[in-house]
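Every read-out reported here was derived from the displayed coordinates using simple, explicitly stated rules and does not represent laboratory data. Computed from a predicted model, the values in this text were never measured in an experiment. For neighbour counting, all protein chains shown are included, and Cβ atoms are generated from backbone atoms with ideal geometry for every residue, glycine included.
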């Protein structure tokens, strides 16, 4: 079974025949052109990968490829299984649009391998799609920004070099592709296909039939189009950066949303690659630290310095260095079912937790969740001189790997130990700081006595259902107060005294949707497997989210007021219309569920997304009505404008000191009581 980055099984597409085709090292351009000639008259699309292409054809092409091998045009080929990125392109209907534009573009893109001007042609094609999708200049800029975020980090140009590059990019973005001088045969049909794709995506988005935002979908089209054109990743990064700069710089904006564009200038210059990719380890670490400072995730000098001087990729052997610094978690271990059981967290999550921890030079720190040792290395630098770090994990191979990475990095004040993080390491207690980089369903009470007076515990803990936050607890008499609380989700504790056991319920039928359920939830898991095949009730709330609105407070509120909290419902299937591309959040009642959806609109304040609820199952209609009522109550009591809540926690006999009142939600767990103080209007 193959899994995607959400750890969901990938639905395979059997409608396209797939082969990985290898080109000769020194004659790749000629091989690509010969392959294009051989495929004339076939409907196909491709991506460039590993000094060759991944070819997808409507009919098997075994004879054609065998002949090319016999003629020494290609060095070999291997059949495989096509795995379409349906989620990335907006769902099944968005994927159909993608396949049409792929096939319209692929013959020329493959035939033009090595022909100068690939980047310039691709910018014009992408701009045609953006125009017909109806995006305004800043929305177009957001497409380029999303694309840039998925490409290598850059060192932007300055001065005259920047001005020249931006000017060339602006002219390309505004040029009428139909008037391109000395265009090759078939160019008109090619850019018309990109225009038609933009129009189709616009209609799908307007009808609420895309499962991702249209800008995210078009950004993915940019990656694929430039890949087909043979534009290297660093040049793509430069192009994306320039497109974003054109839209958001203080100078003239690019009017890429106007269907009738200015005529192309026959003397239009080729763009120069003036944006330098960052490739050296020191540059990558420096760029990561600066990115986290700019985003607000880092602000303490000691933590910033630790990020700048610690090579993240050194703790991820086998991973491309540039990939190691992207804003993504990197899996490092899976169980026998393919489920991820250990990873190195995304950089922003690592930064957030270290800022929450507030470790100082000379501190003793215990970390639960060694993973690769990267966190421990950062902590070792933060607490130096005089400080010491112990990082714990339950798997010997992870402990051995972390120890090796720490030694290779020259970190001599951090030690990896095989132990249960929930039980702690009492032989080295007390600790000034204790941090968990794994998720807990309750407070591991054994570690509280291992914390020194005035110490701090950072613990990612589920509140109810899938909703969890990273708490920074400090003792306050007989109870505990939070000095920081951030939204975060981690791989759960396992093999220990405080495991957070959950059950994944795969939905029956087509697609790969599955539901997270937990032991405290009163649900019928067998009934839930088929619930999405049952009649649905859809209700819209009238509650509007704007660009940049946070969902975390609505999630937290619903987790507090609904008996079973909220559960993640990731994946995709026909008829499933979640509020995000990755999936949705769902309320549960026995064998019924109600999940969140949205529909887009525009009013005098601009574009908005109205929250809706879709219920399935015997009690689906009633549950949907309840969730709608709670969402409206949340909005009426202040919504995202209400003050942020406070949190208190107690264990053992001190639990009774925390009681509920009109501004409090109380969550009882086996070992602890969590109280959420949330002053709201009404």
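What is the fewest-to-most order of 248, 89 by other Cβ atoms lying within 10 Å of their Cβ? Could you put the intermediate results ahead of the total?
Details: 248 15, 89 28.
Neighbour counts put them in this order, fewest first: 248, 89.
For residue 348 and residue 546, FRET efficiency with R0 = 35 Å and r from the beta-carbon atoms, rounded to 0.05? Mind dumping the intermediate values first?
Values: r = 23 Å, r/R0 = 0.65.
With a Förster radius of 35 Å, E is 0.95.
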### Query
What is the order of 126, 457, fewest Cβ neighbours within 10 Å to most?
457, 126
### Task
Take the Cα gyration tensor of segment 317-453, multiply each eigenvalue by 5, square-root it, and list the three semi-axes largest first, rounded to whole angstrom.
23, 18, 14
#### Entry: Acute angle (nearest 10 degrees) that the helix 374-383 long axis makes with the longest principal axis of the chain, alpha-carbon atoms
60 degrees
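Taking Rh as the Kirkwood radius, which is the inverse of the mean 1/r over Cα pairs, what is the Rg/Rh value for segment 553-682? Let's see the in-between values first.
On the way: Rg = 16.7 Å, Rh = 16.4 Å.
Looking at segment 553-682, the ratio lands at 1.02.
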### Query
So how far apart, in nm, are the two label points at residue 300 and residue 604 if each is 7 Å from Cα heading toward Cβ?
4.8 nm
### Query
Based on the Cβ-Cβ distance from residue 659 to residue 397, what FRET efficiency comes out when R0 is 51 Å, to the nearest 0.05?
0.65
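Report the Stokes-Einstein translational diffusion coefficient (µm² s⁻¹, integer) for segment 28-181, Rh taken as the Kirkwood radius over Cα pairs, at 4 °C with viscosity 1.567 mPa s. Walk me through the numbers on the way to the answer.
Details: Rh = 18.1 Å.
Estimated diffusion coefficient is 72 µm²/s.
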#### Entry: Order of 466, 549, 403, 72 - criterion: other Cβ atoms within 10 Å of each residue's Cβ, fewest first
72, 549, 403, 466
### Task
Mind pulling the angle between the C-alpha long axis of helix 214-228 and the longest principal axis of the chain? Nearest 10 degrees, somewhere in 0 to 90.
50 degrees
### Task
Quick one: Debye curve from the alpha-carbon atoms of the chain only, equal weights, vacuum; give me log10 I(q)/I(0) at q = 0.09, 0.11 Å⁻¹ to two decimals.
-0.89, -1.28
### Query
Along its principal axes, what span do the Cα atoms of segment 97-204 show, with the longest given first and each in whole Å?
40, 33, 26
### Task
Please give the helix 92-111 orientation as an angle from the longest Cα principal axis of the chain, in degrees from 0 to 90, rounded to the nearest 10.
40 degrees
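How far, in nm, would the chain grow between residue 652 and residue 72 when pulled straight, counting 0.36 nm per residue and subtracting the alpha carbon separation?
Values: separation 580, 0.36 × 580 = 208.80 nm, distance 7.54 nm.
Taking 0.36 nm per residue and subtracting the Cα distance, the gain is 201.3 nm.
Give the whole-number value, in cubic angstrom per residue, of the convex hull volume spanned by the C-alpha atoms of segment 536-582.
Values: hull volume 5.6 nm³, N = 47.
Taking only Cα atoms, segment 536-582 has a hull volume of 120 Å³ per residue.
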### Task
Work out how far the C-alpha atoms of segment 48-129 reach from end to end along every principal axis, then list the three figures in whole Å, largest first.
40, 33, 21
### Task
Would you mind pulling out the separation of the Cα centroids of segment 602-645 and segment 392-410, in Å?
46 Å
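Could you give the alpha-carbon Rg of segment 522-608 over 2.2 N^0.38 Å, rounded to two decimals?
Numbers: Rg = 14.2 Å, N = 87, 2.2 N^0.38 = 12.0 Å.
Ratio of Rg to 2.2 N^0.38 Å for segment 522-608: 1.18.
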### Message
For segment 456-610, take every pair of Cα atoms, bin their distances at 10 Å starting from 0, and report each bin as a whole percent.
### Response
9, 34, 34, 17, 6, 0
### At q = 0.17, 0.23, 0.27 Å⁻¹, base-10 log of I(q)/I(0) for segment 597-647 (Debye sum, equal scatterers on each alpha carbon)
-0.71, -0.96, -1.03
